[in-house]
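The values are calculated or read from the model by the stated rules, or taken from the named source; none is laboratory data. Just so you know, these numbers come straight off a predicted model, no measurement behind them. Here the Cβ positions follow ideal geometry from the backbone for every residue, glycine too, while neighbour counts run over all protein chains shown. Keep in mind that these areas ignore ligands, DNA and RNA; they rest on the heavy atoms of the full protein, side chains included. Shrake-Rupley method; radii C 1.70, N 1.55, O 1.52, S 1.80 Å.
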Amino acid sequence: MRAQDLLLVTLREPPAEAEIPSHQWLVRGGFIRRVASGIYAYMPLMWRVLRKVEAIIREEMDATGALELRLPALQPAELWRRSGRWDTYTAGEGIMFSLTDRQGRELGLGPTHEEVVTSLAADLIRSYRQLPVSLYQLQTKFRDEIRPRFGLMRGREFIMKDAYSFHADEEDLRRYYGCMDQAYRRIFARCGLKVLAVQADSGAIGGGASQEFMAVADAGEDLVLSSGDGRYAANQERAQSLPPPSAPLKVTADQCFATPGQTTIEAVCAAHHLDPTQTVKVLLHRACFADGPDQPVLTALRGDQEVNPVKLTNTLGRLLAERGTVLALERLDADILQDHGVRLPVGFLGPDLSDDVIQGVPDLVGGFLRIVDSTAADLAGFVCGANVPDRHRRVPGWPALGLSLTRADVRSAQPGDRCCHDPKTVLTATRGIEVGHIFQLGRKYSSALAACFNSESGDAEPMWMGCYGIGVSRLAQAVVEQNHDDNGMIWPVSIAPFEVVITVANGEEQEQCGLAEKLYGELRAAGVDVLLDDRMERAGVKFKDADLLGIPWRVVVGRNAARGHVELKTRSEKDVLDMDASQLLPHLIPRLQRQRRGGLPEAGV
RNA sequence: CGGGGCGUAGCGCAGCUUGGUAGCGCGCUUGCUUUGGGAGCAAGAUGUCGCAGGUUCAAAUCCUGUCGCCCCGACCA
């Protein structure tokens, strides 16, 4: 490709819309252009990168025996009603774009494809002899994100590789899940991406075990907690740890005491010589369901701990399984309660807060579901609010409160906490970009959509399913986020838009042009992805652009062209190698061949 | 949706407080010079000042509404 023909438009200044480096560089380099919020055009350079990423994914997926296909983006509501996800995905907090056609039929633009693929599997798979089957596609997905952000990182339209596997039993599902784990590690390594595999929450997709692949980056939206010994890593949403030990507190009698204006744990502790681990704090939430009024929830935690909303939501989903999926978990807003005549002694709440206080609040039904985190439940004696303004209470132990409580782990693990597997190591925090997520779905979708097969014994059984996603466009941007400097992007050879750029220092010098053309032809003949910068620009402009675009190898045909010499330089190193033009290919080709393998260990070298 | 901010030339911005000829830098076009790290000089083109109402002799500027976008919080590849 010649730069003349590339419609190369680079920007000298970072665009105002871009916040993080990878977004700025991609826009400045002319790789992407914003069309609307969260909607981007992939320009020719970006498209070349994406196609290379997709090729790597195809190779590795095919190697696991998966079959590529293409499912429709436009999907009937009926299918989603059968899995029970239509309402949760379109109503209120829903993430699916939906529409009605001219006959009044409801349709959705696919944010994911479990329903479609499962119903196909139900149609096609009759016998255990056909299993296992793994299907995948590379496709544009649509999600009505509340807040699109960071260019391709969180778009409303993005490219995703999604795969779905079907198995006769759980053991085979586990086996294939392990295969996918390995395939994913190879894919990311080949793309030059540093990732952490971490235990994850399954979220709206549901199911059993799941693992996320996190590209390490400060701009990442997720917090990963990992142990120094490499034996444990988890998304904070899911992470478990040993809480710091509590300071013992001897409470001989149940008694109230005055805490005027002391509405925070810190204030109470400071005024009464207490440690936060000797206190219990209370949080009030409402859990929203599709089928009616909200469930009030009271959560008690040890004073030094923070609630983990994901864990709490999951706990509520289990306890209230008959009400379906928890659509949302919201803090009970004291101001709103006050509008309905409910006066809460905020700052002085205790676990035994009476159900009476919320009677008459619209959209709330019944009394509190009371959850106590293990950190609080383990306290023998503690201090908590007395449910009366300006008063707290010493409690000799939970039996003294006479409550019906559900014990659960709903606290957030924190960096610095001791690890469960080895109390001598502590958790440290890393930020990460979720580039892949693999799930063992189990039989949730196959049961709902009657995707059954006849087993060896002749019984009809729902298939065991797994699903496996990679954010393709997000991955490409994550690579830039991990690989850039003050001058621009630094692509790994394996997914670079071009492997080599030939920069003609002075386009008016016949000798330079002639030699550059000759090398361009030779490199192309050798199967190298090469860009010839033949633009009528000054050398400085071409050097700046070559750096900005991040092409890994640069050949400069300049002042030494007269004696048949060229310069070879990599994007990431400063050193320049001056060599006879005839040496260029013998020197470059073997190195390129190695680098095309990405970060994989070299075989047979 | 809640909170904060911004819409002025292709890009980045000033002008708005105090209403009166729409500006700067980069980019673009032409010419000359220059030619190894975003060149210099000269000449030039480019705007329904987001949109709609209102106030006014007069609105980019003041008022009302509306749309779009960005940032901080709850969702996800």
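The set of residues from region A:476-490 being surrounded by 17 or more Cβ atoms within 10 Å (Cβ to Cβ) and either in a strand (DSSP E or B) or more than 41 Å from the chain's Cα centre (by Cα) (or both) comprises A:HIS484, A:GLY488, A:MET489. For region A:449-463, the count of residues that are modelled with pLDDT under 90 and either open to solvent by 10 Å² or more (accessible area, probe 1.4 Å) or charged (D, E, K, R) (or both) is zero. Selection of region A:418-439 for residues being crowded, with 16+ Cβ neighbours inside 10 Å, charged (D, E, K, R) and more than 30 Å from A:TYR164 (Cβ to Cβ) yields only A:ARG418. Whether a residue is at pLDDT 95 or above and either among the hydroxyl-bearing types (Ser, Thr, Tyr) or farther than 20 Å from A:ARG48 by Cα (or both) was assessed, and A:LEU549 does not pass this test.
Let's see how each residue does on (1) more than 16 Å from RNA strand B (Cβ to nearest atom); (2) hydrophobic (A, V, I, L, M, F, W, C):
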| site | (1), (2) |
| --- | --- |
| A:VAL435 | no, yes |
| A:MET463 | yes, yes |
| A:GLY466 | no, no |
| A:SER473 | no, no |
| A:ALA478 | no, yes |
| A:ASN487 | no, no |
| A:ASN506 | no, no |
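For the condition closer than 30 Å to A:ARG126 by Cβ and not basic (Lys, Arg), A:PHE498 does not qualify.
Applying the selection to region A:285-311, what residues are away from RNA strand B (no atom under 16 Å from the Cβ) and assigned to a strand (DSSP E or B)? A:GLY292, A:PRO293, A:GLN295, A:PRO296, A:LEU298, A:ALA300, A:LEU301, A:ARG302 - these are the residues of region A:285-311 that are away from RNA strand B (no atom under 16 Å from the Cβ) and assigned to a strand (DSSP E or B).
Table: residues versus (1) within 11 Å of RNA strand B (Cβ to nearest atom); (2) free of Cβ contacts under 8 Å to residues at least 24 places away in the same chain; (3) closer than 22 Å to A:GLY507 by Cα.
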site: A:ASP547; (1), (2), (3): yes, no, yes
site: A:TRP553; (1), (2), (3): no, no, yes
site: A:ARG559; (1), (2), (3): yes, no, yes
site: A:ALA562; (1), (2), (3): yes, no, yes
site: A:ASP578; (1), (2), (3): yes, yes, yes
site: A:GLN583; (1), (2), (3): no, yes, no
site: A:PRO586; (1), (2), (3): no, yes, no
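Among the residues of region A:46-65, those identified as within 22 Å of the chain's Cα centre (by Cα) and touching a residue at least 60 places away in the same chain (Cβ under 8 Å) are A:MET46, A:VAL49, A:LEU50, A:LYS52, A:VAL53, A:GLU54, A:ILE56, A:ILE57, A:ARG58, A:GLU60, A:MET61.
Within region A:312-321, the set of residues being in contact with a strand residue (DSSP E or B) (Cβ under 7 Å, 6 or more places away or on another chain) and either open to solvent by 50 Å² or more (accessible area, probe 1.4 Å) or within 11 Å of RNA strand B (Cβ to nearest atom) (or both) comprises A:LEU312, A:THR313, A:LEU319.
Can you pull out every residue in region A:12-23 that is open to solvent by 50 Å² or more (accessible area, probe 1.4 Å) and either closer than 14 Å to A:GLY151 by Cβ or in a helix (DSSP H, G or I) (or both)? Correct list: A:PRO14, A:ALA16, A:GLU17, A:GLU19. At least 1 residues being buried (at least 17 other Cβ atoms within 10 Å of the Cβ) and among the aromatic types (Phe, Trp, Tyr) is the threshold, and among the strands (runs of 3 or more DSSP E) wholly inside region A:126-207 those reaching it are A:133-142, A:157-167. Taking region A:42-120 as the region of interest, the helices (runs of 4 or more DSSP H) fully inside it that hold 2 or more residues being open to solvent by less than 60 Å² (accessible area, probe 1.4 Å) and at pLDDT 95 or above are A:44-63.
Annotation for region A:200-222: no member residue is more than 15 Å from RNA strand B (Cβ to nearest atom) and either in contact with a Lys or Arg (Cβ under 6 Å, 6 or more places away or on another chain) or outside the structural domain of A:GLY366 (by TED's automatic domain parsing) (or both). Beta carbons closer than 8 Å, at least 6 apart along the sequence or on distinct chains, pair a first residue in region A:327-356 that is of a type in the set (Asp, Glu) with a second that is at pLDDT below 85 and away from RNA strand B (no atom under 16 Å from the Cβ) for A:ASP355/A:GLY366.
Yes/no per residue for (1) touching a helix residue (DSSP H, G or I) at 6+ places or on another chain (Cβ under 7 Å); (2) within 15 Å of RNA strand B (Cβ to nearest atom):
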position: A:LEU6; (1), (2): yes, yes
position: A:SER22; (1), (2): yes, yes
position: A:ARG28; (1), (2): yes, yes
position: A:ALA36; (1), (2): no, yes
position: A:LEU50; (1), (2): yes, yes
position: A:GLU59; (1), (2): no, no
position: A:GLU78; (1), (2): no, no
position: A:GLY84; (1), (2): yes, yes
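Of a type in the set (Phe, Trp, Tyr), out of contact with any Phe, Trp or Tyr (no Cβ under 6 Å at 6 or more places or on another chain) and not assigned by TED's automatic domain parsing to the domain that holds A:SER572 - does that describe any residue in region A:452-460? No, region A:452-460 contains no residue that is of a type in the set (Phe, Trp, Tyr), out of contact with any Phe, Trp or Tyr (no Cβ under 6 Å at 6 or more places or on another chain) and not assigned by TED's automatic domain parsing to the domain that holds A:SER572. Taking the listed residues A:ARG391, A:ARG370, A:ARG443, the one that is open to solvent by 40 Å² or more (accessible area, probe 1.4 Å) and over 30 Å from A:ARG81 (Cβ atoms) is A:ARG391, with no other qualifying. Looking only at region A:250-278, residues that are in contact (Cβ under 8 Å) with a residue 40 or more places away in the chain, part of a loop (DSSP other than H, G, I, E, B) and under 39 Å from the mean Cα position of the chain (by Cα) come to 2 in all.
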